[in-house]
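Novice: Following this message is one structure expressed as C-alpha cells.
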Amino acid sequence: MSRPLQAPPGFEARTRESFARQAAMATLGIALDRVEPGTVHLLLPHRPDLTQQHGFLHAGVVSTALDSACGYAAFTLMPPEAAVLTVEFKVNLLAPARGPVLRIAGQVVKAGRTISVVDARATQGDEDTLVATMTATVMTVLGRGLSG
C-alpha cells in the first residue's frame, strides 16, 4: 500500500501563481481547475484556431496540455525553491479530440528527489471518453535561476 503524497505548505497557491505566469497556457486557453498533492486538473476548450484540418484539436495542442498537467502535478510536491522541467514523455493519441472541453488530469506515479514519473489522461464528453494519455519523466531543478 502506498503512502499519501506529501506537498509542502502553500503548494496550491504556489502552483496557481506559477501556472498564471505560463503565457503558452493563456494563449491556448488552458485553465487550471484543481490542485491537490501530486495531482492537477486542467481544462482545454475546443477552439477552431487550435484544430487540424479535420476540425479536431491538434495533437500538438493536446500534447502541450498533457505535458503541463504532468509538470504541474510534480511541481505540487516540490520544495518552494524548486522548479521542474520535462526531460522525456510518451503520448498515446486514442481518439479524436472533439471537445467541447478536454479535461486533463496529471497524477504523480513516483515522486523522487531528482526525477519523478507522472501520468496524464485527457478525456472529453459526458462519458469521459479517453482521448490521449502521457507518461512523462520530470526533473527537479534547484539553483539554476529558474523559479516556479
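Novice: I want to confirm something. Restricting to segment 1-47 and keeping residues that are part of a loop (DSSP other than H, G, I, E, B) and under 16 Å from the mean Cα position of the chain (by Cα), which single residue is nearest to D119 (Cα to Cα)? Working first, answer last.
Specialist: The initial filter retains those residues of segment 1-47 that are part of a loop (DSSP other than H, G, I, E, B), namely 1-10, 21-22, 29-30, 37-38, 46-47.
Checking the rest, the ones that are also under 16 Å from the mean Cα position of the chain (by Cα) come to 21-22, 29-30, 37-38.
Working: R21: 23, Q22: 21, G29: 22, I30: 18, P37: 14, G38: 11 Å.
Filtering first and then ranking leaves G38.
Novice: Scan (1) touching a residue at least 40 places away in the same chain (Cβ under 8 Å); (2) outside any helix (DSSP H, G or I) for the single condition S68 breaks and write down its number.
Specialist: All conditions pass for S68, except number (2).
Novice: Can you give me the number of residues within segment 55-82 that are modelled with pLDDT under 95 and among the small types (G, A, S)?
Specialist: Of the residues in segment 55-82, 1 are modelled with pLDDT under 95 and among the small types (G, A, S).
Novice: Still on this structure, please answer the following. Out of G55, G60, which single residue is more than 11 Å from L102 (Cβ to Cβ), over 11 Å from the mean Cα position of the chain (by Cα) and assigned to a helix (DSSP H, G or I)? Give the steps one after another, and end with the answer.
Specialist: Numbers: G55 fails: assigned to a helix (DSSP H, G or I).
Among G55, G60, only G60 is more than 11 Å from L102 (Cβ to Cβ), over 11 Å from the mean Cα position of the chain (by Cα) and assigned to a helix (DSSP H, G or I).
The values are calculated or read from the model by the stated rules, or taken from the named source; none is laboratory data. Keep in mind it's a predicted model, so treat the numbers as computed, not measured. Don't worry about glycine lacking a Cβ; one is built from the backbone with ideal geometry, like all the others, and counts go over all protein chains shown.
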